[in-house]
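The values are calculated or read from the model by the stated rules, or taken from the named source; none is laboratory data. For clarity, every value in this text was computed on a predicted model and none was experimentally measured. Glycine gets a Cβ as well: all are built from the backbone with ideal geometry, and neighbour counts include every protein chain shown. SASA here: full protein model, heavy atoms, side chains in, ligands and nucleic acids out. Shrake-Rupley method; radii C 1.70, N 1.55, O 1.52, S 1.80 Å.
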Amino acid sequence: VSSILFLALYGAVLGSTHSLWQALSSAAKLPILFLTTLVVCSPTLYFFNVLFGSSQSLTQSYALILTAITVTSVLLLSFTPVVLFFLLTTSGYQFFKLLNVGVCAVCGWMGVLFLSQGMRIVSAAGKEGAARRRNIVRLWIVLYAFVGSQMAWTLRPFVGAPSMGFELFRQLGGNFYSNIFASIGEMLGFFVVR
């Protein structure tokens, strides 16, 4: 419950750059992003761990992942004053978007480190296959990051473009990574993102 609330608060700040509707939309979409990514990726982690000798239940896997999401959401909440500061003192859409991608990446990284430590403790209980399960967690973190970033792209916009009206969702096209590189290019003055 706390992670949903914290993610919603951070999402509201993201959307407040555009309009009240965007703030409300982003407040709803950010928790959906994290929980949907959890639902999509968790079975993979659970079944690969079972394959390599884990006695951990699916409920225990979900509990560890939800704890990592809670760590991420608490850290995102702690960045809210910083993000608000830049919201009030800058007007660059691309900068604000990239700032928030960076904040989410740092907080997400800390959350998955917490997950990794928790899985290491659980894996230590069963010595057989523990090293393989640690590698599985590492690979799963990469999968989780790719699915999460593409899920964010699918649910966009979180930060509404100032030149566009309110949109609950944008048409699919492109991907998260090409948009980030294009945003960096525009911010550095190489070209304009549309």
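Once R0 is set to 45 Å, what does the formula 1/(1 + (r/R0)^6) return for the Cβ-Cβ distance between THR36 and PHE190, expressed as a FRET efficiency to the nearest 0.05?
Working: r = 34 Å, r/R0 = 0.75.
It comes out at approximately 0.85.
Taking label points 7 Å from Cα along the Cα-to-Cβ direction, PHE181 and THR59 give a separation of 4.6 nm.
On a per residue basis, the range 1-64 carries 47 Å² of accessible surface, using protein heavy atoms and a 1.4 Å probe. Ranked by the mean number of other Cβ atoms within 10 Å per residue, highest first, peptides 52-61, 144-153 order as 144-153, 52-61. What fraction, in whole percent, of alpha-carbon pairs in the chain exceed 27 Å separation? So the portion of pairs separated by more than 27 Å is 33 percent. The shape of the range 17-77 can be summarised by an equivalent ellipsoid whose semi-axes, obtained from the alpha carbon gyration tensor, come to 31, 12, 7 Å from longest to shortest. Once the Cα atoms are used to define both axes, helix 176-187 deviates from the longest principal axis of the chain by about 40 degrees. Across the accessible surface of the chain, with the other protein chains kept in place and a 1.4 Å probe, carbon and sulfur atoms take up 73 percent.
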